[in-house]
């Protein structure tokens with residue numbers, strides 16, 4: 001059905017306006033349905049919808065989300081212990097994912113991979129399977145407990161994952177089925193729910209017991225698309241009812257995967273920059289060719305450092321707050337880029353930055 005035929009005149013005008021505004025943008029999808037996602041998310045306010053879409057494109061550039069899995073292969077620890085994966089489709093042909101969050105050792109994963117790698121891996125799988133189409137999620141909290149709730153970084157990352165969806169994936173969520181949630185889950189619920197819009201919360205269903213879970217899931221998902229563990233008929237080739245070839249079972253991350261956040265490259269290959277206490281240092285890079293990429297990697301001795309990148313018009317294109325180590329890249333346009341290391345918050349301690357920053361020309 002033509003989506004335009006379902007719009008009133010005001011909505012059709014808004015669609016025409018945002019198409020005009022974004023006609024020179026490099027959109028991953030130029031269809032009416034794609035643009036309507038952003039208009040729906042902001043009640044057809046064209047200015048707010050444009051801003052939301054622009055920020056999403058900036059986020060995707062910052063995280064290098066396009067062709068991510070080919071360009072930035074995830075660390076093996078995420079493949080083996082982040083219990084999230086695609087299992088099939090629901091009855092509306094929306095992609096179906098399972099996240100065994102209660103069995104995922106987020107603390108161990110954050111000691112074995114960076115937060116950016118975690119986010120890239122999760123949303124990279126979502127992008128790969130959905131390709132801007134709708135999805136449903138079985139959110140399994142079996143095994144969830146105090147080790148999750150009392151680890152601040154786990155809770156912070158969980159909220160960040162939810163906010164990335166809200167800000168950058170509007171209109172894609174069809175259903176969320178929360179299963180096996182213990183009483184302590186109320187802590188997570190109270191933390192995240194206030195940040196979700198009504199359109200999202202209306203799609204969340206909480207299932208209390210196994211019999212109810214299986215019935216509700218089978219009403220929405222064909223049995224051959226649902227693992228036996230959740231009431232379906234799908235198994236691995238060896239008969240495993242959890243379908244661990246599609247979604248691993250998580251578990252505690254072995255210490256052999258851990259790292260201590262020190263840079264992996266030899267400092268001899270990096271430049272050294274001292275940032276005095278209470279001050280900041282800026283480095284200028286010129287981009288000559290369209291489609292070039294600005295890449296960076298650095299490590300701060302002496303504690304965390306503020307990190308940001310500005311275009312020549314002083315528009316901030318990367319903002320990381322205070323961090324110890326970082327690697328990343330952004331697509332650029334011809335012009336001047338300023339990389340800033342900010343230590344103005346530290347009154348007593350200077351920092352030594354070991355860095356490698358360069359422009360990669362196509």
Fill in the blank from the handout: The lone condition residue 20 fails out of (1) farther than 30 Å from residue 320 by Cα; (2) touching a helix residue (DSSP H, G or I) at 6+ places or on another chain (Cβ under 9 Å) is (2)
Handout entry: Exclusive hit being surrounded by fewer than 16 Cβ atoms within 10 Å (Cβ to Cβ), within 21 Å of residue 115 (Cα to Cα) and out of contact with any helix residue (DSSP H, G or I) (no Cβ under 7 Å at 6 or more places or on another chain), set 278, 303
Key = 303
Exercise for the section: Can you give me the ranges of the helices (runs of 4 or more DSSP H) entirely in region 48-156 with at least 3 residues that are more than 14 Å from the chain's Cα centre (by Cα), modelled with pLDDT under 95 and within 29 Å of residue 326 (Cβ to Cβ)? Expected result: 76-81, 106-110, 146-149
Exercise for the section: Go through region 57-100 and count every residue that is buried (at least 20 other Cβ atoms within 10 Å of the Cβ) and under 19 Å from residue 29 (Cα atoms). Expected result: 4
Problem - Subset of region 3-17 [out of contact with any helix residue (DSSP H, G or I) (no Cβ under 8 Å at 6 or more places or on another chain) and assigned to a loop (DSSP other than H, G, I, E, B)] - result: 8
Practice task
Identify all residues within region 190-209 that are surrounded by 13 or more Cβ atoms within 10 Å (Cβ to Cβ) and either in contact (Cβ under 8 Å) with a residue 40 or more places away in the chain or assigned to a helix (DSSP H, G or I) (or both); write none if there are none.
Solution key: 191, 192, 199, 200
Problem - Hits in region 350-362 (condition: modelled with pLDDT under 85 and not in a strand (DSSP E or B)) - result: 361, 362
Exercise for the section: Say whether the condition of being on the phi < 0 side of the Ramachandran plot, assigned to a loop (DSSP other than H, G, I, E, B) and modelled with pLDDT under 90 is met by at least one residue in region 222-243. Expected result: no
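The values are calculated or read from the model by the stated rules, or taken from the named source; none is laboratory data. Owing to the predicted nature of the structure, the values given are computational and were not obtained by experimental measurement. All Cβ positions, even for glycine, are placed from backbone atoms using ideal geometry, and neighbour counts span all protein chains on display.
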